[in-house]
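The values are calculated or read from the model by the stated rules, or taken from the named source; none is laboratory data. A quick note: this is a predicted structure, and the numbers were derived from the prediction, not measured. Here the Cβ is made from the backbone with ideal geometry for all residues, glycine too, and neighbour counts use every protein chain on show.
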């Protein structure tokens, strides 16, 4: 018996990365998983993989920018599985055409701001709104939203992305507060840098520049986020609600100058090891 | 799940409550567990329960007041099981005679303040200090500190306890910053009101009041905290460090007036 046996989970943005890894993890712990993605072919491929390994999964198309599509995702899930206990709001518009133009405030086109909020904030809100009746009916509904460290600290670019994720963080507190007594938990997972396989292989200089500011030896993997989502989705997370869980190698926790002073710290340690 | 196979954990404050639940959980996931407590008979009772379910463990005496006791406990644990992968700093001085005098600041006896900080903050620091060489040598380790919601929001009682837990929170971030690159992670779990024998004794009369201010339908259980500890202790937590993780039924996630106005939400139903 897995921790998620007999639970139905919707994972949005399940075609790649954190969404795909989480769909696999939830299925491996016994959940029936609905993999929703605007890229249906991508979600289909992961779902087929899960089924091949003995899991129960289907893929459904879904467009975060379209209210009717979001409502249909919930309706189709209920039509197929009859219930839903877990909603993992992981989808965001991260197409290069959007992210590359999401610059500093003075240079940020309003179309990029609007599109980002339409998908990442409004879409997340609507998925919660339409899923809540079924989640409440289950008596043990768990909502988990993917946010970002960008929502917690300032950066030079991705102003709209970060602001929309901050909206998701606060929405999480409100949903947790409003529906907690009806059995709903609502939390955020806030990843640090989780590079794609592609950038891990092809951008070693970028990885090196980023990893020095994380406190861990390595950057994150999608599976690291999936592990926390699995806890929050299961009965083991029933007393966790309204939280922003940072799975970020501590990148948001130490002063910015820590990486610059690390050599000095190591020298201090070495010198003292010699004298003690 | 058997995420603790091949790993050794030492738990301070293991004669009951969260420490005992964590011992049961980590042993249940395949870890070898050292149960340390000033009440060694209580730790031995926990050890018997862990063994009864097939877990591997032993109990030993630990007095957080004494650095020599701390050094001895850690060396003994490392000698018996050959390594230390996980340190759960869960012990705190929660004796009624201390807690009851940790109240209004104008009457605070400095001896009470000192004794609380000596055990909770200084004791935790020394546990970390003496376990670090083992973890750095291994290139891997996970330190988990039991903090408290009292370190994140003000209350009227127990300022010394709360301030000592706030010290532990910051220590958590420093240890994460200093030793993260050596493979050592350090996190804190911050429980809400967890129903144990100790909380029943100290807070029993207030249980309904506290429940109204938690967002969940029930108060906490030691197993809730143990589940998060198990994640942090295992490789499932390998990208999590420097965090203070509330497992608190959301008591710190909302405005204080929410319980007073909860009925108001119905007015919006259409």
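Of all residues in the stretch A:41-69, how many are more than 16 Å from residue A:93 (Cβ to Cβ) and either touching a helix residue (DSSP H, G or I) at 6+ places or on another chain (Cβ under 7 Å) or surrounded by fewer than 21 Cβ atoms within 10 Å (Cβ to Cβ) (or both)? Qualifying residue count for the region: 18.
Given the criterion facing chain A (nearest Cβ under 7 Å), buried (at least 24 other Cβ atoms within 10 Å of the Cβ) and over 13 Å from the mean Cα position of the chain (by Cα), identify the matching residue among B:183, B:249.
B:249
With a requirement of 3 or more residues that are modelled with pLDDT of 95 or more and out of contact with any helix residue (DSSP H, G or I) (no Cβ under 8 Å at 6 or more places or on another chain), the helices (runs of 4 or more DSSP H) lying completely within the stretch A:88-205 that satisfy it span A:110-116, A:124-138, A:159-179.
From the list B:231, B:215, exactly one residue is in a loop (DSSP other than H, G, I, E, B), within 9 Å of chain A (Cβ to nearest Cβ) and out of contact with any strand residue (DSSP E or B) (no Cβ under 7 Å at 6 or more places or on another chain). Which is it?
Details: B:231 fails: in a loop (DSSP other than H, G, I, E, B).
Of the residues listed, the single one that is in a loop (DSSP other than H, G, I, E, B), within 9 Å of chain A (Cβ to nearest Cβ) and out of contact with any strand residue (DSSP E or B) (no Cβ under 7 Å at 6 or more places or on another chain) is B:215.
Scan the stretch B:56-68 and give yes if some residue there is surrounded by fewer than 16 Cβ atoms within 10 Å (Cβ to Cβ) and under 30 Å from residue A:4 (Cβ atoms), otherwise no. Yes; the residues of the stretch B:56-68 include at least one that is surrounded by fewer than 16 Cβ atoms within 10 Å (Cβ to Cβ) and under 30 Å from residue A:4 (Cβ atoms). Quick one: would you say residue A:120 is in contact with a strand residue (DSSP E or B) (Cβ under 6 Å, 6 or more places away or on another chain) and either touching a residue at least 12 places away in the same chain (Cβ under 8 Å) or more than 20 Å from residue A:241 (Cα to Cα) (or both)? When the stated conditions are applied, residue A:120 does not pass them. All conditions but one from (1) free of Cβ contacts under 8 Å to residues at least 12 places away in the same chain; (2) in a loop (DSSP other than H, G, I, E, B); (3) more than 7 Å from every other protein chain (Cβ to nearest Cβ) apply to residue A:256; the one that does not is (1).
Quick one: which of B:226, B:162, B:188, B:176 is touching a strand residue (DSSP E or B) at 6+ places or on another chain (Cβ under 7 Å) and either over 17 Å from residue B:147 (Cα atoms) or assigned to a helix (DSSP H, G or I) (or both)? Of the residues listed, the single one that is touching a strand residue (DSSP E or B) at 6+ places or on another chain (Cβ under 7 Å) and either over 17 Å from residue B:147 (Cα atoms) or assigned to a helix (DSSP H, G or I) (or both) is B:176.
Listed here are the residues, each with its yes/no results for (1) more than 26 Å from residue A:77 (Cα to Cα); (2) within 20 Å of the chain's Cα centre (by Cα); (3) within 14 Å of chain B (Cβ to nearest Cβ); (4) buried (at least 24 other Cβ atoms within 10 Å of the Cβ).
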position: A:123; (1), (2), (3), (4): no, yes, no, yes
position: A:133; (1), (2), (3), (4): no, no, yes, no
position: A:136; (1), (2), (3), (4): no, no, yes, no
position: A:158; (1), (2), (3), (4): yes, yes, no, no
position: A:173; (1), (2), (3), (4): no, yes, yes, no
position: A:181; (1), (2), (3), (4): no, no, yes, no
position: A:197; (1), (2), (3), (4): yes, yes, no, no
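Considering only residues in the stretch A:229-250 that are part of a helix (DSSP H, G or I) and in contact with a helix residue (DSSP H, G or I) (Cβ under 7 Å, 6 or more places away or on another chain), the one that is nearest to the other protein chains (Cβ to nearest Cβ) turns out to be A:236. Taken together, the residues in the stretch B:149-175 that are closer than 15 Å to residue B:12 by Cβ and away from chain A (no Cβ under 14 Å) amount to 3.
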